[in-house]
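Trainee: This structure is in structure tokens; I'll ask about it shortly.
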Amino acid sequence: MADCLYVCLQDEDKIARFAIDPGTGGLTRQADVLVAGGPSVTALSPDRRVLYVGVRTRPAISSFRIDPAAGALSEQGTVASADAPTFLATDRAGRFLLSAYYQGGYAAVHPLGSDGAVGAPALDRYDTANGAHAIATDPSNRFAFVPHIARLQDNVLEPPKNNPGPNFIAQFRFDAESGRLTPNSPFRVEQRELAGPRHYCFHPSLDLVYFSDEQGCSVSAYHLDRSAGTLSAVQTISTLPDGYSERNTCSQIHLTASAKFLYVGNRGHNSIAGFMVDAAGRLTAIGQAATEAVPSAFGLDPAGNFLFAAGTATGKLASYRIDGETGALTPLTTQNVGQRPAAVQAVRLNV
């Protein structure tokens with residue numbers, strides 16, 4: 001098996017590609033691919049043959065064919081967008097690409113070609129609100145959710161008057177044949193004060209969805225009603241150590257392939273918070289591992305043995321080994337990667 005790691009360098013207009021040593025987690029830089037416009041978000045096709053990249057300064061979405069032997073990228077197509085995409089994900093069948101727009105305040109769906117290429121205009125758009133931060137379909141491919149963060153300003157838990165975040169999760173039905181989104185009932189999952197749901201991931205076998213809470217500095221677990229496609233909160237747990245009171249916001253959230261461990265980035269505390277997931281899906285905190293400043297993006301290797309965290313403020317990439325019994329993170333190496341690393345995507349190649 002061969003794995004590679006892609007790191008979007010937003011301020012250098014390129015994507016760096018690394019080979020991952022499956023035994024040590026060591027990274028060897030293979031090549032850089034120029035991507036104009038500030039590449040900042042990525043998604044992977046279900047068959048792992050196409051990488052989707054959203055760019056920020058000249059808003060667009062591009063698709064790249066992944067060479068199955070070495071992971072080299074070849075551009076397939078590009079489609080312009082009115083706003084910079086904040087999050088990308090294909091539907092479970094790989095027929096559509098879903099996208100969320102933080103500043104635009106909406107979600108959209110693009111059709112994909114038979115080879116996975118993007119290029120056609122969006123076939124659907126649903127205006128939600130400021131702060132739309134993610135979208136993905138559930139395992140049944142019949143429902144989707146769009147979390148909307150709250151906003152912090154000057155370390156005060158108040159949304160700024162000129163651009164408040166509405167602090168809710170929007171619930172949609174998704175038509176896997178047409179690619180259309182329609183509001184579910186109820187449409188909104190309201191949050192405790194300024195929780196700020198940001199990103200989420202599905203448990204692979206339980207009816208649970210885990211959200212990182214950007215302003216709440218926590219993880220919230222929700223029960224997913226698989227027939228109605230609606231969420232109900234079951235647990236919230238802090239990502240910070242007891243007594244920490246400095247400014248912090250949470251970033252991405254990832255679950256290991258084994259579903260035994262879950263990780264969330266802390267920006268401010270500058271750490272990766274870890275959680276053990278028991279057989280019922282309940283979370284127990286296992287501590288925080290110090291990492292590079294402003295870890296807005298991190299990723300796990302496909303086997304769940306290693307974690308790679310990018311320091312947006314430092315331009316460095318930190319690597320960790322995941323203890324298979326405890327989930328603890330052991331630091332391995334830290335290396336310069338480039339200016340403003342904004343996305344980290346590991347891929348198992350089809351070799």
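The values are calculated or read from the model by the stated rules, or taken from the named source; none is laboratory data. The model shown is predicted, which means the values in this text are computed figures rather than measured ones. Glycine also receives a Cβ, built like all others from the backbone with ideal geometry; neighbour counts cover every protein chain displayed. All accessible areas refer to the heavy atoms of the entire protein, side chains included, with ligands and DNA or RNA removed. Shrake-Rupley method; radii C 1.70, N 1.55, O 1.52, S 1.80 Å.
Trainee: What number goes with the only condition from (1) of a type outside the set (Phe, Trp, Tyr); (2) in a strand (DSSP E or B); (3) within 15 Å of PRO204 (Cα to Cα) that ALA303 does not pass?
Mentor: Exception for ALA303: condition (2).
Trainee: Here's something else I'd like to know. I'm checking my understanding of the structure. Among residues of the range 1-30 that are in a strand (DSSP E or B) and without any contact (Cβ under 8 Å) to a residue 60 or more places away in the chain, which one is farthest from PHE64 (Cα to Cα)?
Mentor: THR28
Trainee: Ok, one more. Of the residues in the range 76-111, how many are in contact with a strand residue (DSSP E or B) (Cβ under 7 Å, 6 or more places away or on another chain) and without any contact (Cβ under 8 Å) to a residue 24 or more places away in the chain?
Mentor: Selection size over the range 76-111: 1.
Trainee: Could you check the range 80-98 and list, in sequence order, the residues that are surrounded by fewer than 18 Cβ atoms within 10 Å (Cβ to Cβ) and assigned to a strand (DSSP E or B)?
Mentor: Matches in the range 80-98: ALA80 only.
Trainee: State the number of residues belonging to the range 222-260 that are within 16 Å of the chain's Cα centre (by Cα) and not in a loop (DSSP other than H, G, I, E, B).
Mentor: 7
Trainee: Which one of the conditions (1) surrounded by fewer than 17 Cβ atoms within 10 Å (Cβ to Cβ); (2) more than 30 Å from GLY94 (Cβ to Cβ); (3) touching a Pro at 6+ places or on another chain (Cβ under 9 Å) does SER271 fail to meet, given that it meets all the rest?
Mentor: (1)
Trainee: Among the numbered criteria (1) within 21 Å of the chain's Cα centre (by Cα); (2) at pLDDT 95 or above, which single criterion is violated by GLY119?
Mentor: (1)
Trainee: Now for a separate question. Which is among the hydroxyl-bearing types (Ser, Thr, Tyr) and open to solvent by 20 Å² or more (accessible area, probe 1.4 Å), of TYR106, TYR52, TYR126, TYR101? Full working, then the answer.
Mentor: Numbers: TYR106 fails: open to solvent by 20 Å² or more (accessible area, probe 1.4 Å); TYR52 fails: open to solvent by 20 Å² or more (accessible area, probe 1.4 Å); TYR101 fails: open to solvent by 20 Å² or more (accessible area, probe 1.4 Å).
Only one candidate passes the filter, namely TYR126.
Trainee: Please pick out the residue among GLY265, GLY324 that is surrounded by 17 or more Cβ atoms within 10 Å (Cβ to Cβ) and either over 17 Å from the mean Cα position of the chain (by Cα) or part of a strand (DSSP E or B) (or both).
Mentor: Working: GLY324 fails: surrounded by 17 or more Cβ atoms within 10 Å (Cβ to Cβ).
Answer to the selection: GLY265.
Trainee: Quick one: what pairs do we get from the range 156-176, first residue more than 18 Å from THR128 (Cα to Cα), second at pLDDT 80 or above and of a type in the set (Gly, Ala, Ser), C-beta under 7 Å, 6+ apart or different chains?
Mentor: ALA176/ALA93
Trainee: What residue, of PRO159, PRO183, PRO164, PRO204, is at pLDDT 95 or above, over 26 Å from LEU123 (Cβ atoms), open to solvent by 10 Å² or more (accessible area, probe 1.4 Å) and not small (Gly, Ala, Ser)?
Mentor: None of the other options fit; the residue is PRO204.
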